[in-house]
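What follows draws every value from the coordinates through simple rules; no lab data is involved. Just so you know, these numbers come straight off a predicted model, no measurement behind them. Virtual Cβ from ideal backbone geometry, glycine too; neighbours counted across all protein chains shown.
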Amino acid sequence: MSTDSRTVIVGLDGVPFGMLKKFGETGVMPNTHEIIKNGYFSKLRSSIPEISSVAWSSIITGANAAEHGIFGFIDTHPGTYSMRFPNYTDVKVKPFWEVARGESVIVNVPATYPVRPMNGVHVAGFVAIDFNKSVYPSQLVPLLKDMDYRLDVDASKAHTSMDDFLEDVDKTLDARIAAYRYLWKNQDWQNFMLIFTGTDRLMHFLWCAYADENHKYHELFVDHFRKIDVVIGEIVADLNENDTLLILSDHGFEGLETEFYVNRLLIEKGLLQFNPGTDPNLSNIAYGSKAFALDPARIFINQKGKYPEGSVAPEDRESVITELTAVFSEFEINGKKAIKHIYRKEDVYSGPYIDEGADLILIAESGINLKGAMGAKQMTGKGPFTGKHTLDDAFLLINKKIDAGQLPPTPSVIDAGQYIKSKVS
C-alpha cells in the first residue's frame, strides 16, 4: 500500500444530515461523531432529480447530468418512445478513478455496471445484473462469491416478509464489509471508495421503524448503522496524517405520506392520450398528447420532430411549458400543494447533452413521493414504502477542517465530486 497521501470515500446511500447528526449525538455512531466534532460537516444538496443514478454519477465525475449524460434510471432511445436503462457505458465524463494518481479500489458505487478495465479494482453497485460483468479484475469473482457477496439487497423480500428482507439486508452488509476488509488489506491502492446502499433500502421500507423507537424493528434498523460505524472506526484507525476521508450521502430521506402519479394528472387534464383500445404505456401514446412523465417526475414535451407522435411544434414549446407549470403548481392533495419546485432543464443543466434532459423536473413537497407510472388508476396511493428521497438534506463529512473557499456554503453533489477530483489528481 502506498505511503503517499490517500483519499478514502465512504458513501451512506440516502442518509440525511439530521439522522447522521442524531446517531452521532446519541451514541449509535461514536466513531462518526468524533469526525463530526473535529472535521467539516455540512448539508449536501442532491442532484435534480434526487435519485441515486444521477447523484452518484455527479459525485464520481464532478459534473452535471448534461455533461455526464445520466438523467435517470430510465430514458427513451433517441427519436422513439422505446425504453432504455442507462448504465455505466453511458457516462460521458471519466470518473475520478480514471484520472487519479495511483490505483483505486471502488466498491458498490451505483450506476457503474458493467465494469471496465481500470487501474485497480472495481465492484459495481446496483443496478448490476451479471456478477461476472460486475467485477474487475475477473479473478476476484470466485473470492467474492465465496464471501457470499451480494450486488444488492433483494428488496422484493420486503413485499412478502419483512423478517426475510431484514435478514437479507444483514447478510448483504456483512458480505460488503468482508469484501472491504479483504481489499483494504490485500490490494494496493491510493484511493478507496466504499458505498453502503442497504441504508437506502432500509429507509424506503422502514423509515417508520426509525421514527418510532417502540417499533418492532427499531433496534434492527439502528444496528445497521452501528455496524457501519465500526467500519468507519476501522478506517479512521488506519489512516495516515495526510490522508483524507470523505463520508457522504447522495440524497436525503424523510417519511412518506402519499404517492402522486404524475402521468395520471396529465391524462385527466387531456395532456396525455393513448391510442384507443391500447394499454396506457409509452409505446401507445397518441398524436395530440402534449407531454408525458418518466420516473420519478421528469416531464417531456411531446415535440414534433423529436418523437414519432410528436404534436407540439417547437415554437409552441414555451406555451406548453407555461400550461404544464400551471397544472402542477395548482395541484393539491388533501388541501396541500403537491409540488415544491418546478425546474426547467435550462435552469439546472448545462452541457453538450442538455437536449436529452426532460423539459421540466418536478420536486415534491414534504411527504409526497412522485411516480411516473402510466397505468395508475388513481391520482394518489400508497405502496409498501414508508420513506422517500429528499433534495436538500444529504450530508458531506470530511475528517479535517477545510478552507471556506474550497466548497460553497451549501455544497452540492457536483461540488463534492469536484472536491474529490481535486484530491486524487
GluC sites (Glu not before Pro) restricted to DSSP loop in the range 218-277 with at most 16 other C-beta within 10 Å: 241
Cut-off under 5 Å, modelled amide H: who pairs with residue 289 long-range: 273
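Using R₀ = 41 Å, calculate the FRET efficiency as 1/(1 + (r/R₀)^6) where r is the Cβ-Cβ separation of residue 279 and residue 354; round to 0.05. Working shown, then result.
Values: r = 32 Å, r/R0 = 0.78.
After rounding to 0.05, the efficiency reads 0.80.
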Added length on full extension, which subtracts the Cα-Cα distance from 0.36 nm per residue, residue 316 to residue 373: 17.9 nm
The range 258-381 shape via C-alpha gyration tensor axes, a/c threshold 1.5: oblate
Cα-projected label distance for residue 223 with residue 295, points at 7 Å along beta-carbon direction, nm: 3.0 nm
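Taking Cα pairs under 8 Å and at least six residues apart, what relative contact order does the chain come out at, in percent?
Working: 901 pairs, mean separation 128.8, N = 425.
Across the chain, relative contact order equals 30 percent.
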Gain on full stretching of the segment that runs from residue 130 to residue 406 - 0.36 nm per residue minus C-alpha separation: 95.4 nm
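Can you put 53, 283 in order, fewest other beta carbons within 10 Å first?
Details: 53 26, 283 13.
By the 10 Å Cβ count, ascending, the order reads 283, 53.
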Whole-number percent relative contact order across the range 258-381, with pairs defined as alpha carbons under 8 Å at least 6 apart: 37 percent
Given 21/171; 43/401; 171/227; 22/216; 306/345; 22/400, the pairs whose alpha carbons are separated by over 23 Å: 21/171
Fluctuation leader among 89, 112, 172 - the chain, Gaussian network, Cα springs under 10 angstrom: 89
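So, R0 is 56 Å and r is the distance between the beta-carbons of residue 22 and residue 186; what FRET efficiency does that work out to, to 0.05?
Values: r = 36 Å, r/R0 = 0.64.
Using R0 = 56 Å, I get an efficiency of 0.95.
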Pairwise label distance in nanometres, residue 211 with residue 178, each label 7 Å out on the Cα-Cβ vector: 3.6 nm
Nearest-20 debye value, the chain charge dipole, Cβ charges on Lys, Arg, Asp, Glu: 400 debye
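Restricting to DSSP loop positions (anything but H, G, I, E, B) with no more than 14 other Cβ atoms inside 10 Å of their own Cβ, which trypsin sites (Lys or Arg not before Pro) remain in the range 396-425?
Working: sites: 400, 401, 421, 423; in loops: 400, 401.
Counting only loop positions with at most 14 other Cβ atoms within 10 Å, the trypsin sites (Lys or Arg not before Pro) in the range 396-425 are 400, 401.
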Fewest-first sequence of 77, 33 by Cβ atoms within 10 Å of each Cβ: 77, 33
Pair residue 83, residue 98: separation of 7 Å Cα→Cβ label points (nm): 2.8 nm
Residues 382, 337 arranged by fewest to most Cβ contacts within 10 Å: 382, 337
Rounded to whole Hz, the Karplus (6.51, -1.76, 1.60) HN-Hα couplings of the range 272-288, x for glycine and proline: 9, 10, 10, 4, x, x, 10, 6, x, 9, 4, 5, 10, 4, 9, 4, x
Structure-derived Kirkwood radius over Cα pairs in Å - corresponding label in (1) 21.6; (2) 22.4; (3) 23.0: (2)
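Quick one: of the DSSP bridges fully inside the chain, what percent are antiparallel, nearest 5?
Values: 32 of 58 bridges.
Here the share of antiparallel DSSP bridges comes out near 55 percent.
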